[in-house]
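The structure appears right after this line, and notes come after that.
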């Protein structure tokens with residue numbers, strides 16, 4: 001059964017591997033149908049069990065690799081005949097979980113995957129996480145492994161930390177680490193204006209951010225484990241760390257040491273600062289591409305914000321986007337570029353800023369969003385998933401786009417306004 | 001009655017007599033004592049003088065502190081008054097050039113900033129944007145706005161050496177309504193003075 005599912009996914013993936021800019025028109029109905037059962041003992045808090053269930057269902061849905069039964073069901077851990085088949089629902093798989101707490105507060109989850117066609121246990125595993133409020137990461141891990149088990153394309157990004165800053169009031173913002181659903185949140189920096197956080201490396205054990213609390217905007221590096229921070233560099237005017245090279249040794253900074261915002265490359269080991277752009281207008285939002293040898297960035301050198309690329313060390317600049325009137329934020333992965341664009345010449349409106357995807361190898365442009373104000377796109381560590389900020393009905397939310405499934409999901413931030421994000 | 005009067009008279013005589021009677025003092029001791037007294041007095045005088053001096057210094061320091069505090073308050077008040085008198089400079093959507101209708105505001109600010117009350121202060125121009133667009137671009141846009149104002153002030157005689165610029169992007173709105181009037185109000189440069 002599992003092997004059949006793997007085969008289906010290989011076939012499906014090979015169709016979509018062609019070009020993500022080609023919009024999926026045909027709806028896939030071959031996704032494995034999965035139901036979830038809560039087999040936790042009654043003494044475990046019901047609210048907690050339902051919250052855990054909700055994250056599991058949400059993850060399975062967002063993966064877009066499953067047809068998920070929403071209904072909350074309970075069962076025994078061994079399961080009756082009826083519970084092991086759920087014949088009325090005609091499911092392919094059953095994910096049965098039992099959560100409990102150890103005396104020191106550790107959450108322990110026993111998880112079974114059943115083949116609903118023959119009622120047999122396909123796999124069983126125990127998961128643990130040390131603190132109750134980290135339960136979303138426990139749920140994400142279960143789904144990431146289940147997804148991998150059935151041979152679906154990786155969704156490892158679900159386990160990653162997201163880091164974002166949020167405005168709490170005028171000239172005040174905090175830096176928060178969360179999961180992608182915002183169910184887990186931990187404030188890392190507060191007090192004054194702290195903005196543009198950026199992960200320092202793939203292991204996410206440190207991050208950079210800009211503080212406006214001193215004489216000049218200053219970039220700091222913070223260790224996640226002990227909260228210790230170290231000053232990296234200051235600049236008058238403004239200072240943003242837009243990107244970090246894959247080995248973590250180089251930063252792309254937007255800074256304005258002489259009242260002029262340009263993109264610089266900073267080597268954190270040698271402390272060497274190299275000016276990349278030299279246009280007298282606005283150059284911001286630099287991102288490494290092509291093995292960190294080139295930089296994609298936003299510039300208003302044509303009279304409006306647009307996307308360009310430049311090889312580090314060379315002066316020649318290539319225009320990358322030929323559509324839109326205001327393309328003010330960009331992210332790149334392999335040969336794909338996603339950007340936030342205002343199409344209309346009219347300045348304001350509810351559908352004004354949308355996300356678009358282009359490939360450097362084709363002429364197609366694919367629109368990814370249609371409503372609200374959609375900004376700050378960021379590719380995951382793969383080309384299938386994009387995170388972004390969505391503003392809609394006076395609320396800000398973290399958005400996730402799953403390109404192959406042509407689906408978009410939003411997780412609202414209940415307090416504050418998201419300023420910038422990274423993962 | 002006679003007895004009482006007599007007792008009182010005797011008491012008066014005794015006390016009067018006691019006050020007039022010179023003590024029988026050893027001269028040597030007196031000298032020593034007088035030296036000691038003198039030393040003590042010196043010491044005391046020194047102490048006193050020291051204390052007096054300290055008191056004088058403290059007094060003068062306290063006086064100075066009070067003066068400094070007074071001055072600081074006066075400066076703060078002056079700065080607040082001058083800042084309130086400056087005109088905010090407003091900008092069009094996505095733009096950072098000085099509008100025609102803002103030229104007179106910049107000129108008026110230049111006159112104020114070069115006036116006798118203001119000319120010893122440094123100037124910080126804060127650039128701001130509305131909430132539209134991504135914040136990193138908006139920080140750069142705010143900075144360009146502040147720079148435009150700095151250049152314009154220079155053309156009206158305000159030395160660039162006095163002026164520093166900073167951008168707050170969309171972090172510092174004066175209003176949060178979702179309408180054109182509020183967005184226009186947020187697209188601005190503001191002035192702060194520094195002693």
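No value in this document is a laboratory result; all are computed from the given coordinates. Model, not experiment: these values are computed from the prediction. Ideal geometry is used to build each Cβ from the backbone, glycine not excepted, and the neighbour counts take in all protein chains shown.
Things worth noting here:
- The residues A:148, B:129, when put in order of fewest to most other Cβ atoms within 10 Å, stand as A:148, B:129.
- Percentage relative contact order, the range A:244-330, counting C-alpha pairs under 8 Å, at least six apart: 19
- Distance between the range A:227-244 and the range A:116-189 - C-alpha centres, whole angstrom: 28
- Overall form of the range A:126-276 per C-alpha gyration tensor (a/c, 1.5; a/b vs b/c): prolate
- Arranged from fewest to most other beta-carbon atoms within 10 Å of their beta carbon, A:60, B:193 become B:193, A:60.
- As a ratio to 2.2 N^0.38 Å, the alpha-carbon radius of gyration for the range A:256-344 is 1.08.
- In chain A, the DSSP-assigned H stretches of four residues or longer account for a calculated mean residue ellipticity at 222 nm of -4000 deg cm²/dmol, using -39500 (n - 2.57) per stretch and the full residue count as denominator.
- Relative contact order of the range B:88-195, defined on C-alpha pairs under 8 angstrom at six or more residues apart (%): 40
- Considering only alpha-carbon pairs that sit under 8 angstrom and 6 or more positions apart, the relative contact order computed for the range A:31-154 is 26 percent.
- Shape call, the range A:167-221: gyration tensor on alpha carbons, a/c limit 1.5: oblate
- Near-label residues of the range A:408-423 by backbone N, under 20 Å of a point 7 Å along Cα→Cβ of residue A:205: A:423
- Helix A:135-149 axis versus longest C-alpha principal axis of chain A: approximately 80°, rounded to the nearest ten.
- Among the residues of A:324-334, the average count of other protein chain beta-carbon atoms within 10 Å of the residue beta-carbon is 2.
- Per residue of peptide B:168-178, the mean number of Cβ atoms on other chains within 10 Å of the residue Cβ is 4.
- When you count the other C-beta atoms within 10 angstrom of each residue and take the mean per peptide, A:68-77, B:173-182 line up highest first as A:68-77, B:173-182.
- Cα gyration tensor shape for the range A:157-422, rounded if a/c is under 1.5, else prolate or oblate: rounded
- Ranking of A:375, A:215 by count of other Cβ atoms within 10 Å, fewest first: A:215, A:375
- Gaussian network model of chain A, Cα within-10 Å springs - most flexible of A:176, A:57, A:44: A:44
- Inter-chain shielding of A:166-172 (mean C-beta neighbours from other protein chains, 10 Å cut-off): 3
- Distance from the C-alpha centroid of the range B:63-141 to that of the range A:250-301: 29 Å, rounded to the whole angstrom.
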